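This report refers to the structure that appears directly beneath it.
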Amino acid sequence: MNKKIYTVIVGTGSFVPTRVIANDFFLDAEFYDPATNEIFNTPNSEIIRKFNEITNIEERRYAENNQVTSDLATLAARDAIETSGIDPETFEFILVAHNFGDMVSGILQPDLMPALANRVKTKLGINNPSILTNDVTSGCPGWTTAMIIADAYIKSGTFKRGLVIGADVLSRAADPYDRDRMIFSDGAGAAIVEAVESDVPVGILSHSSRSDHDQNMLVMAFSLNPHISKDRLFLRMLGSKVYVYALSTVPGVVKDSLDKAGLHLDNVSKVLIHQANEKMDEAILSRVFRLYGKREYDKSVMPMTIQRFGNSSTATVPTLLDLVLKDKMEDHQISRGDVIILTSVGAGMTINSIVYKMPE
């Protein structure tokens, strides 16, 4: 049998900020109704209770004031390098998925130049001038998008090893007067990938993507507070519309990725899904099971971090992968030969699903 080139993950890392923001942090916030641009009459305690009931988020993590996105990305990368034992000078590319660059605390302006990939390379102390550095902006699916790009790099035969990072500091981009800001958090996750020649499928087996024209569900827009100057934009989300979109589209993309790999849902050990909203993720998983004629879905295949970490956008999937691989998620393990799904949905709208097989 002829050997083929596959993209295999050889090390993972993550950085979860230590600053814990519990739900009661928002008890004194001024939340404005998006329908009227007036302050809600509902007490914040009730808004928070309903929020927790829908999302199951009890706390989230914020970066320290002296940290920016590339700092978090660098810490996750160092963790992956330490895990793998690989010399970072041997990287041939560095991809950093993010959405707002190095937004400094207190300054509502994204800092995107130079690219975060260049900044991470510098902060890691890498001297190799031949490394391709590139940023990927693709909403919450940024890291899965970057992994698909990395797979194309490696399958082309051009590159043999690279670093793929997802990092975001959403806490500084969200509208402070929007109740949906409680969803967002900060963090970073990283994976080192390399080319492996094998006569049996391994690593990234397949992937499927979808993009749609509705660009109004996650946007940068004026604050809900009409008294805030119109010279600045904030991250805003139409949560209910995102929920409906995700339920109607993500399951089909997941199934398509499995079809491309010639596999069935029964072959899958874990589904690592973007940590956006626990009820939404459970509903998506349920619909995936229904596509295979299964009325009941097995929650044990879907580890969740959202209760403690919130939604850190591009960082959620690689962070989740790292924690499970390092046995830091109770009752969840990934073993040799297991097939897993890496999937995400977000701004764009964009969806990715990657079928990955662990090496034996």
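The values are calculated or read from the model by the stated rules, or taken from the named source; none is laboratory data. Quantities reported herein were computed from a predicted structural model and do not represent experimental measurements. Neighbour counts run over all protein chains shown; Cβ positions are idealised from the backbone, glycine included.
Just so you know, in the range 118-155 the residues that are of a type in the set (Ser, Thr, Tyr) and touching a strand residue (DSSP E or B) at 6+ places or on another chain (Cβ under 9 Å) include one that is surrounded by the fewest Cβ atoms within 10 Å (Cβ to Cβ), and it is Thr137.
The residue that is surrounded by the most Cβ atoms within 10 Å (Cβ to Cβ), among those in the range 254-291 that are part of a strand (DSSP E or B) and of a type in the set (Val, Ile, Thr), is Ile273. Looking at the range 56-70, can you tell me whether even one residue there is part of a helix (DSSP H, G or I) and closer than 17 Å to Ala188 by Cα? The answer is yes; a qualifying residue exists.
Hey, which of the strands (runs of 3 or more DSSP E) in the range 181-240, taking only ones fully inside, have at least 3 residues that are crowded, with 20+ Cβ neighbours inside 10 Å? Qualifying strands (runs of 3 or more DSSP E): 186-198, 203-211, 234-237.
Please go through (1) part of a loop (DSSP other than H, G, I, E, B); (2) in contact (Cβ under 8 Å) with a residue 60 or more places away in the chain; (3) aromatic (Phe, Trp, Tyr) for Tyr245 and return the number of the only condition it doesn't satisfy. Unmet for Tyr245, out of (1) part of a loop (DSSP other than H, G, I, E, B); (2) in contact (Cβ under 8 Å) with a residue 60 or more places away in the chain; (3) aromatic (Phe, Trp, Tyr): (1). Whenever a residue of the range 144-162 is within 11 Å of Ala97 (Cβ to Cβ) and assigned to a helix (DSSP H, G or I), it has no partner that is charged (D, E, K, R) and at pLDDT 95 or above lying with C-beta atoms less than 6 angstrom away and at least six residues away or across chains.
For Ser208, the criteria (1) assigned by TED's automatic domain parsing to the domain that holds Thr350; (2) in contact with a Pro (Cβ under 7 Å, 6 or more places away or on another chain); (3) not aromatic (Phe, Trp, Tyr) hold in every case but one, which is (2).
Residue count for the range 30-55, restricted to those that are part of a loop (DSSP other than H, G, I, E, B), touching a Phe, Trp or Tyr at 6+ places or on another chain (Cβ under 8 Å) and either of a type in the set (A, V, I, L, M) or more than 22 Å from Gln307 (Cβ to Cβ) (or both): 2.
For Ile94, indicate whether it is of a type in the set (A, V, I, L, M, F, W, C), in a strand (DSSP E or B) and either under 15 Å from Asp186 (Cβ atoms) or in the same structural domain as Ser185 (by TED's automatic domain parsing) (or both). Yes.
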